[in-house]
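The values are calculated or read from the model by the stated rules, or taken from the named source; none is laboratory data. Source: prediction; values computed, not measured. So basically every Cβ, Gly included, is an ideal-geometry build from the backbone, and we count neighbours across all protein chains shown. All accessible areas refer to the heavy atoms of the entire protein, side chains included, with ligands and DNA or RNA removed. Shrake-Rupley method; radii C 1.70, N 1.55, O 1.52, S 1.80 Å.
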Amino acid sequence: AGVTISLLAYMFGSVLKKKLKIAILKQADMEAALAHILQTRYNAITLAKRFGCDPEQAASAALLHDLGRLVPAHEYLDLAETFNLEILPEEKQFPDLLHQKLSRVIAVETFNITDKEVLNAVACHTTLRPNAARLDKILFLADKLAAVPGKQPAFMPLVIKQLEKSLDDAVYCYLFNYLQNGKMPIVHPWLRTALEELTPRRLAG
């Protein structure tokens, strides 16, 4: 069975707190996180139906994608080491990038998720990855489109416009403009490689 909306209540509840030994988020933070997750889920289902992906997988990936955010940011590195995750130099410099990998771990360890496509999408929803699958791209864009109004990049209307052409065009538009923006503290190598892979496909199209 896919991940259901009941997961939202559980993931913010005392069982998860006990298992991971973390503090429950403040009420305001919890409400904001829930709103983002629900909007990401809506976006993911919409994109999945539009671009020929399984809506149930998209919904599941969206509900799971920010589980890593339940861990205090200052614990990201320690937890990643505990689970023997590969930690890239860029992730060591900017540990916030690790939350996507931690989300995958929590999905497996706490919720017993076994769908590899869903887990792969969760693990790269912030940066995308080399050889990204369609579900990866759908969750990536769904997450970006669910950013709080006012905090979305100025180029997001361009990304939405490119969705009229194809999923790849929209993803390329986001990645290209993100790198051109020049405001990111660290560029994850997965993101750069994903853009490099998409560039020849876009030119060929």
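Could you please let me know if PRO185 is surrounded by fewer than 14 Cβ atoms within 10 Å (Cβ to Cβ) and in a loop (DSSP other than H, G, I, E, B)?
yes
State all residues of the stretch 139-148 that are open to solvent by 30 Å² or more (accessible area, probe 1.4 Å) and assigned to a helix (DSSP H, G or I); if no residue qualifies, say none.
Listed by number, the list holds a single entry, LEU145.
Look at LEU88 and say whether it is under 22 Å from LEU191 (Cβ atoms) and either in contact with a Cys (Cβ under 9 Å, 6 or more places away or on another chain) or at pLDDT 95 or above (or both).
So LEU88 fits the description; yes.
Can you tell me which residues in the stretch 69-109 are buried (at least 17 other Cβ atoms within 10 Å of the Cβ) and of a type in the set (S, T, N, Q)?
GLN100, SER103
Only residues that are without any contact (Cβ under 8 Å) to a residue 24 or more places away in the chain and buried (at least 19 other Cβ atoms within 10 Å of the Cβ): list them for the stretch 121-136, please.
ALA123, ASP136
Of everything in the stretch 149-175, what is part of a loop (DSSP other than H, G, I, E, B), under 20 Å from THR126 (Cβ atoms) and open to solvent by less than 90 Å² (accessible area, probe 1.4 Å)? Give them in sequence order.
Scanning the stretch 149-175 gives GLY150, GLN152, PRO153, PHE155, LEU163.
Among the residues of the stretch 121-128, is any modelled with pLDDT under 90, outside any helix (DSSP H, G or I) and closer than 19 Å to GLY68 by Cα?
No, because not a single residue in the stretch 121-128 is modelled with pLDDT under 90, outside any helix (DSSP H, G or I) and closer than 19 Å to GLY68 by Cα.
Quick grid of which residues meet (1) over 18 Å from the mean Cα position of the chain (by Cα); (2) at pLDDT 85 or above:
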{"position": "ILE5", "(1), (2)": "no, no"}
{"position": "SER14", "(1), (2)": "yes, no"}
{"position": "LYS21", "(1), (2)": "yes, no"}
{"position": "LEU47", "(1), (2)": "no, yes"}
{"position": "ARG50", "(1), (2)": "yes, yes"}
{"position": "CYS53", "(1), (2)": "no, yes"}
{"position": "TYR76", "(1), (2)": "no, yes"}
{"position": "GLU81", "(1), (2)": "yes, yes"}
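Please determine whether any residue of the stretch 148-169 is within 15 Å of SER60 (Cβ to Cβ) and in contact (Cβ under 8 Å) with a residue 12 or more places away in the chain.
Within the stretch 148-169, not a single residue is within 15 Å of SER60 (Cβ to Cβ) and in contact (Cβ under 8 Å) with a residue 12 or more places away in the chain.
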